[in-house]
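Just below is one structure, and these are the notes that go with it.
The values are calculated or read from the model by the stated rules, or taken from the named source; none is laboratory data. Bear in mind the structure is a predicted one, so any value in this text is a computation, not a measurement. In this analysis, Cβ positions are derived from the backbone assuming ideal geometry, glycine residues included, and neighbour counts consider all displayed protein chains. Just so you know, the surface numbers come from the protein's heavy atoms only, side chains and all, with ligands and any DNA or RNA stripped out. Shrake-Rupley method; radii C 1.70, N 1.55, O 1.52, S 1.80 Å.
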Amino acid sequence: MPLRLIFMGTPDFAVPTLLELVAHGHDIAAVYTRAPKPAGRGMKLQVTPVEQEARRLGISVLTPTTLKTPEALEAFRAHNADAAVVVAYGMILPQAILDAPPLGCFNLHGSLLPRWRGAAPINRAIMAGDAESGVMVMKMDVGLDTGDVAMAERLTISDTMTAADLHDALAPLGADLMVRAMGGLERGGLQLRKQSEQGVTYAAKIEKAEARIDWSRPAREVLRHIHGLSPFPGAWCEAALDGEAARIKILRCEPAKGAGAPGDVLDDQLTIACGDSAIRILELQRAGKAPMKAADFLRGTPLKPPARLG
């Protein structure tokens, strides 16, 4: 028999898992997501991507501001769910909520636990130069991504991958993994194993202060820093444009040959010197402008030696 599930998720990353669970016949008793927030020029309230899909599917949506009250627990229990599936929900689940479904609460996490527990595993894996990432289904406990692991899938991280690229690769991979995990749970054959106590790292939330590019670092570290923050919040630098300092976000780059003082523009193709070797900028974004290819930028804003990025 299909499981009766509560789904808890918020961003785009969670949507494929919700859709796959529905497609495989599971009964979604309710969707929990974050409350709408004002966004855009008009600061209109915008519902989360998960709420948008849930309403399209005709599923009941709840947006509690806390799960720690007796009323929240009672409402959660009233769904009579077998289990809960949690994907980037953005709210801590207290022990009483974790204990409510008889089969437990299961989280899809975008890393190879215990590496990169926490808020920003996709960004941190790229920024740290990791060779691979992945997704894991974990039975939740009250710790920060410390629960027992049920299943995992691995994925190679290439130097061409941005955070957006890795996000878009992991989301469907995770959806398929969670469906398989729920299938195992349904059959009573889902096996769990303790996480290793070795190799624990924490993926702290990305701070704006981290986004400025340090051209004195080796070229591959600069590249991974740029790609790990692309497209948001975006790694940035400053350039003298039209006689004044302008902030530029760099969204995509590639390794290049060349040498010079860190930050030096080495040619007319946006090759930039790093602490060793160089990178070539492929996509960028000026403040208040849309992202663009480097070639399009250069047609309107020539940037060549002896210019320097700071």
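Miscellaneous remarks
- 2 or more residues touching a strand residue (DSSP E or B) at 6+ places or on another chain (Cβ under 7 Å) and either open to solvent by 70 Å² or more (accessible area, probe 1.4 Å) or at pLDDT below 95 (or both): qualifying strands (runs of 3 or more DSSP E) within segment 201-310: 244-256
Yes/no per residue for (1) in a loop (DSSP other than H, G, I, E, B); (2) of a type in the set (S, T, N, Q); (3) without any contact (Cβ under 8 Å) to a residue 60 or more places away in the chain; (4) open to solvent by less than 20 Å² (accessible area, probe 1.4 Å):
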position: L113; (1), (2), (3), (4): yes, no, no, yes
position: V137; (1), (2), (3), (4): no, no, yes, yes
position: D141; (1), (2), (3), (4): yes, no, yes, no
position: L144; (1), (2), (3), (4): yes, no, yes, no
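- Selection within segment 54-91 - in contact (Cβ under 8 Å) with a residue 12 or more places away in the chain, assigned to a helix (DSSP H, G or I) and under 25 Å from L185 (Cα atoms): A54, L73, A75, F76, R77
- Pairs meeting the criteria (first residue in segment 291-304 and touching a residue at least 12 places away in the same chain (Cβ under 8 Å), second residue in a loop (DSSP other than H, G, I, E, B), beta carbons under 6 Å, at least 6 apart or on different chains) are A294/L270; K304/D268.
- For segment 177-188, the condition of being assigned to a helix (DSSP H, G or I), touching a residue at least 60 places away in the same chain (Cβ under 8 Å), touching a helix residue (DSSP H, G or I) at 6+ places or on another chain (Cβ under 9 Å) and over 30 Å from D99 (Cβ atoms) holds for none of the residues.
- Within segment 36-53, the residues that satisfy the criterion of being in a loop (DSSP other than H, G, I, E, B), out of contact with any helix residue (DSSP H, G or I) (no Cβ under 9 Å at 6 or more places or on another chain) and not basic (K, R) are G40, G42, M43.
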